Amino acid sequence: MSENLSREVSKLVDQEVAKILEETDRDVARTVNRALGVNDGAPAFDTARWQARLGELLAAHHIPGATLAVLADGEIHELAAGVLHTGTGVTVTTDSVFQIGSVSKGYTAAMVVLLSDAGKLDLDAPVADVLPDFAVADAGATRTITPRQLLNHTSGIEGDYVNDTGRGDDCLARYIEGVRTVGLTNPPGVTMSYSSTAYNVLGRIVEVVTGQTWDEALKELLLAPLGLEHTMTLPEEVLRFRAAMGHMGEPGETPVPTPLWNMLPRSAGPYGGISATAADVARFARAFMDGGAAPDGTRVLPAAVVDAMLTREVEMPDQWFLGAHWGLGWGLFEWDGARGFGHDGSTFGQLAYLRAIPEKGLAIALLTNGGGAAPKVFETLCRELCAELAGVTMPGFAPATEPLAVQTEPFLGSYKREGFLMTITDGDGGPGTLRLRYEGADGLAGTFDPLVWHLTPVSHTPAKTVFAGRRNEKDAWIPVVFYALADGNRYVHFGVRATAKSA
Amino acid sequence: MSKNVSCEAQGDWETRDSAGKKLDLVHWQNRLDALRAKHHVPAASLAILVDGTVHELASGVLHRGTGVTATTDSVYQMGSIAKIYTATLIMRLVESGRLDLDAPVVDVLPEFSVADTKATKAITMRQLLSHTSGLTCDFTYDSGRGDDCLAKYVDAAKDVALDCPPGTAISYSGIGYNVLGRIVEVVTGQTWDEALKDLLLAPLGVTHTMTLPEEALRFRAAMGHLGEAGQDPEPAPSWDLMPRSAGPYGRVIATAGDLARLAQMHLNGGVAQDGARVLSEETVELMQRRVVDSPDKWSVSADGWGLGWTLYDWNGIQGYGHDGASIGQYGYLRVVPTAGVAVALLTNGGGARELYAALYRELLAELAGVTMPEPFAPPAQPPVVDFTPFVGTYRREGVVITVTERDGAGHVVYEFVDGMKDFSEPLEIDLVPVTESVFAGTGVGAAFSEDYMPVVFSTLEDGTACVYIGMRCGPKVA
């Protein structure tokens, strides 16, 4: 009897021990696999925990709603929180559609590189070869700018040319006509300056090469083959789904719905007009992670296309906005030795973020519908997810901890590009600090209240001096980089755009 | 909880109808919920204008896929109810002296033409507004999303056929309303959408009425549903199955409340809710004055047509309104001037017409003393009718209707031809006599009517025999 009992007990103990050992083994294996970037098929993603974290961050930062898709352990995990529209109160679900803004550039780039891979155009021949109507205000640049320069943001074409050319299928053709009047921020090829205008030129190239609208080509070349059934471009398509409304508000304020669902015209398509679920954005990123193969194994993006888009094309003056380099379409970063790609998007009311680290099998897509603190929410979530799921520490960006002696005199003065004027004066934060006043000029003069950033030094080399700027203590720090090119011309890199010193 | 208690608890909801009775909103919410569910309508929005106040009710889900619930501020596609907006807009321009109802359309729109040169010169706006131009109905042409869509549409509609000579009979015409929409553009120098906003929606003070999908995205928006009768329908394959060029005849998006507020302006002799005058009393009256009788009194319950308005005669009580259908969404507006009552119902599919028929029968009886006709159906003992005179071939643009006699009973083959040939397989319809010239068609789906499709034989002014199916006139050709 007692022998039986003790045998039973020891059997139970053995079973418990075996179970614990097995779990420990699994944990160890998972950790090891994760560190090696190997998918062990185990569901390590703690949905409940991240759901709670997402909700907590949205509430703390006054973000109306968001959806988060995380590719980890070979699976896409989908989360949603908040409301799509503070006016209607409709809740966010994982199948809700958000505007992804400039993340769209990754899609347009993929189409162009695909067409190039298929021999339909030459990335290094002048744009004018494939698009005879193409011209910018500078005749020399018109002749030399290449699709590659458009893709890696070194064309120098003023980046923020918005022109509402209507709802029709001719909207891009008409937009290109208007580009004739658009000037340059810098000569083609000399520095990186983020250009949405350039991506519309790419969109038009897609139309001319395929004989389709950009929207149709997107469906045929990418969405259908990749099975992205919740990705679209036109409002009548968005209406099939729960759709997010944009909201505006400063950090710390409760944001209010924007006056229109889309503040951008249809002609903003190739640079910022895609709407999608977070999961579909993660699926798109995944196409660059499995060597271009769809989940069912079919290869949509040839390896050459993936390689080309993830190859470092340009070194960024500002290495922190997204990463130290840009490829064809994607921003490229290296965190903790792990290389990744991504993009941000903003549509005046909706903010989107994508980061992917192929070697860790990790992709993060966060789509939000407004609120000034969305960047902070993304940074926090991304940092925590990268650390937990990939063991990668995301670098931070902040002023130098030790005071840095910087001669500010070379930076003082005016920096002007079409529509915008930046004035740099000495700051009131002590030696080495600067004040950046940002205002509308030309056609945009007086259209918004001037904004002021307070700059504190981060680092200094003869080639460039980096400052961290913010408007107030609620803002996240952003990089402001002063640099000179080989020709001696001085530039400031701010908001990923280069602006030459004018006075 | 009894109805009275809950009604009192609602405070502000309490109001009296024209007969001095209280409008029991709890009761009507219950009826809306029950009838909507019974008839498999996913969502419905109901606005009741009584005693000068618009009361709004909502029921169901806007989209069976997303499960978003319907609220009173949800917007629906209203289909042909858009024609009332275009008609009102035209009448604003007529009032301001910028248009003449009886001048030929070509005076203001020289590019307008139909297949018949004489008719091209003769057709007037008054005829377009009252569906008596003879223009055919079903010319759908996707001229794109751009602001030039109506100009292109009118250009593409050049030389379109007539169902019957101008001014001889009613034949419901969508094209006619697109021509009117284009006239609005030419006269105002704006798109139809912009002119609608500036000249009608703004003076009306309505904030939930629009024409474009990007505008609808600001609101909870209904998705259309399609399916077999008697079953829960499924979401339509796309939100928008009509091109932008369908605007003036079929694309205004609104809440039921906003539709009731348009009716309120007409009911108030042209004065909007805030006291602003939108139309003169004379114009309002003119729009309601009968231009033409409708031989088919059943398809859309019409006894006749005014300028824009469908006119009803409910045992001597006069009313006006309009029906609308875009694929998967259905709307109904009825106004009873003597009672100061208007009722707007917007739905997103299912047995919407049955819901309308049942709900309006109860509502209009109680609020306006109206007895709605029984649903269209043959009598228990159908009359014996000599069918021989009706046998033959009838033809209108895109459609050939072959009428035969089989074993003493009428039979119709309704065949789509030419530009319409891909629209549907031929429809086979058996006819049961209702009167000597009116037949109840069977074997056609619920898309057209409740259970039976009215098939009405009539004659044009010049004596030509014709048949009405779906409010469209088909003259006899052989």
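The values are calculated or read from the model by the stated rules, or taken from the named source; none is laboratory data. Computed from a predicted structure; not experimentally measured. Quick reminder, even Gly has a Cβ in these numbers, built from the backbone with ideal geometry, and neighbours come from all protein chains shown.
The residue of segment B:167-204 that is farthest from B:VAL271 (Cα to Cα), among those that are out of contact with any Ser or Thr (no Cβ under 8 Å at 6 or more places or on another chain) and of a type in the set (Gly, Ala, Ser), is B:GLY189.
For segment B:401-432, a tally of residues being more than 24 Å from the chain's Cα centre (by Cα) and either crowded, with 18+ Cβ neighbours inside 10 Å or not in a loop (DSSP other than H, G, I, E, B) (or both) returns 15. Criterion first (in the same structural domain as A:PRO265 (by TED's automatic domain parsing), of a type outside the set (Val, Ile, Thr) and under 18 Å from A:ALA278 (Cα atoms)) does A:LEU328 satisfy it? Criteria not met by A:LEU328.
Would you check if B:SER133 is within 14 Å of chain A (Cβ to nearest Cβ), in contact with a helix residue (DSSP H, G or I) (Cβ under 7 Å, 6 or more places away or on another chain) and either outside any helix (DSSP H, G or I) or not hydrophobic (A, V, I, L, M, F, W, C) (or both)? When the stated conditions are applied, B:SER133 does not pass them.
The set of residues in segment B:191-205 that are free of Cβ contacts under 8 Å to residues at least 60 places away in the same chain and away from chain A (no Cβ under 14 Å) comprises B:ASP198, B:LEU201, B:ALA202. Scan segment B:171-187 and give yes if some residue there is within 14 Å of chain A (Cβ to nearest Cβ) and either modelled with pLDDT under 90 or under 16 Å from B:LEU89 (Cβ atoms) (or both), otherwise no. Among the residues of segment B:171-187, not one is within 14 Å of chain A (Cβ to nearest Cβ) and either modelled with pLDDT under 90 or under 16 Å from B:LEU89 (Cβ atoms) (or both), which makes the answer no.
In segment B:333-345, the residues that are in contact (Cβ under 8 Å) with a residue 40 or more places away in the chain form Cβ pairs under 7 Å with partners that are in a loop (DSSP other than H, G, I, E, B) and among the hydroxyl-bearing types (Ser, Thr, Tyr), at six or more places apart or across chains, as follows: B:ALA339/B:SER18; B:GLY340/B:SER18; B:VAL341/B:SER18. Close Cβ contacts (under 9 Å, 6 or more residues apart or on different chains) running from residues in segment A:134-145 that are farther than 19 Å from A:ARG417 by Cα to residues that are of a type in the set (Lys, Arg) and surrounded by fewer than 20 Cβ atoms within 10 Å (Cβ to Cβ) comprise A:PHE134/A:ARG180.
Every condition in (1) within 13 Å of chain A (Cβ to nearest Cβ); (2) surrounded by 24 or more Cβ atoms within 10 Å (Cβ to Cβ) holds for B:HIS208 except the one numbered (2). Within this structure, A:MET263 fails the test of being within 14 Å of chain B (Cβ to nearest Cβ), crowded, with 22+ Cβ neighbours inside 10 Å, in contact (Cβ under 8 Å) with a residue 60 or more places away in the chain and not in a helix (DSSP H, G or I).
Within segment B:147-170, restricting attention to residues that are within 14 Å of chain A (Cβ to nearest Cβ) and surrounded by fewer than 20 Cβ atoms within 10 Å (Cβ to Cβ), the residue that is nearest to B:TRP309 (Cα to Cα) is B:ALA151.
If you check B:VAL5, B:VAL26, B:VAL41 for being in a loop (DSSP other than H, G, I, E, B) and either in contact with a helix residue (DSSP H, G or I) (Cβ under 6 Å, 6 or more places away or on another chain) or at pLDDT below 95 (or both), only one passes: B:VAL41.
Of a type in the set (A, V, I, L, M, F, W, C), away from chain B (no Cβ under 14 Å) and assigned to a loop (DSSP other than H, G, I, E, B): is that true of A:VAL182 in this structure? The answer is yes for A:VAL182.
The residue list B:GLY60, B:GLY79, B:GLY67, B:GLY97 contains one member that is free of Cβ contacts under 8 Å to residues at least 12 places away in the same chain and either under 22 Å from the mean Cα position of the chain (by Cα) or under 23 Å from B:SER238 (Cα atoms) (or both), which is B:GLY67. Restrict the check to segment B:359-373 and report whether at least one residue is among the basic types (Lys, Arg) and at pLDDT 95 or above. Looking for residues that are among the basic types (Lys, Arg) and at pLDDT 95 or above, one finds at least one in segment B:359-373, hence yes. Do we find that A:ALA80 is in a loop (DSSP other than H, G, I, E, B) and more than 22 Å from A:GLU313 (Cβ to Cβ) in this structure? So A:ALA80 does not fit the description; no.
Restricting attention to segment B:211-238 and to residues that are acidic (Asp, Glu) and farther than 26 Å from B:LEU262 by Cα, the residue that is farthest from the other protein chains (Cβ to nearest Cβ) turns out to be B:GLU228.
Annotation for segment B:239-246: no member residue is modelled with pLDDT of 95 or more and either among the small types (Gly, Ala, Ser) or not assigned by TED's automatic domain parsing to the domain that holds B:HIS63 (or both). With respect to A:VAL112, is the statement that it is surrounded by 16 or more Cβ atoms within 10 Å (Cβ to Cβ) and farther than 26 Å from A:PHE341 by Cα true? Criteria not met by A:VAL112. The set of residues in segment B:386-400 that are assigned to a strand (DSSP E or B) and in contact with a helix residue (DSSP H, G or I) (Cβ under 8 Å, 6 or more places away or on another chain) contains only B:VAL399. Within segment A:223-251, being within 30 Å of A:ARG470 (Cα to Cα) and more than 8 Å from chain B (Cβ to nearest Cβ) holds for A:ALA244, A:GLY246, A:HIS247, A:MET248, A:GLY249, A:GLU250, A:PRO251.
A residue that is touching a Cys at 6+ places or on another chain (Cβ under 7 Å), in contact (Cβ under 8 Å) with a residue 40 or more places away in the chain and part of a loop (DSSP other than H, G, I, E, B) occurs somewhere in segment A:390-401. List pairs: first residue in segment A:184-198 and on the phi > 0 side of the Ramachandran plot and in contact (Cβ under 8 Å) with a residue 24 or more places away in the chain, second residue in a loop (DSSP other than H, G, I, E, B) and surrounded by 20 or more Cβ atoms within 10 Å (Cβ to Cβ) anywhere in the structure, Cβ distance under 7 angstrom, at least six positions apart or on different chains. The qualifying pairs are A:GLY189/A:THR154.
Among the residues of segment A:208-223, none is identified as more than 22 Å from the chain's Cα centre (by Cα) and buried (at least 24 other Cβ atoms within 10 Å of the Cβ).
Name, by its number, the condition in (1) hydrophobic (A, V, I, L, M, F, W, C); (2) touching a strand residue (DSSP E or B) at 6+ places or on another chain (Cβ under 8 Å); (3) in contact (Cβ under 8 Å) with a residue 24 or more places away in the chain; (4) not in a loop (DSSP other than H, G, I, E, B) that does not hold for A:PHE321. Unmet for A:PHE321, out of (1) hydrophobic (A, V, I, L, M, F, W, C); (2) touching a strand residue (DSSP E or B) at 6+ places or on another chain (Cβ under 8 Å); (3) in contact (Cβ under 8 Å) with a residue 24 or more places away in the chain; (4) not in a loop (DSSP other than H, G, I, E, B): (4).
For (1) of a type in the set (Lys, Arg); (2) surrounded by fewer than 22 Cβ atoms within 10 Å (Cβ to Cβ); (3) within 21 Å of A:TYR107 (Cα to Cα); (4) in contact (Cβ under 8 Å) with a residue 12 or more places away in the chain, each residue gets a yes or a no:
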residue: A:GLY166; (1), (2), (3), (4): no, yes, no, yes
residue: A:LEU172; (1), (2), (3), (4): no, no, yes, yes
residue: A:TYR175; (1), (2), (3), (4): no, no, yes, yes
residue: A:GLY178; (1), (2), (3), (4): no, yes, no, yes
residue: A:LEU202; (1), (2), (3), (4): no, no, yes, yes
residue: A:PRO225; (1), (2), (3), (4): no, yes, yes, yes
residue: A:GLU229; (1), (2), (3), (4): no, yes, yes, yes
residue: A:MET232; (1), (2), (3), (4): no, no, yes, yes
residue: A:GLU236; (1), (2), (3), (4): no, yes, yes, no
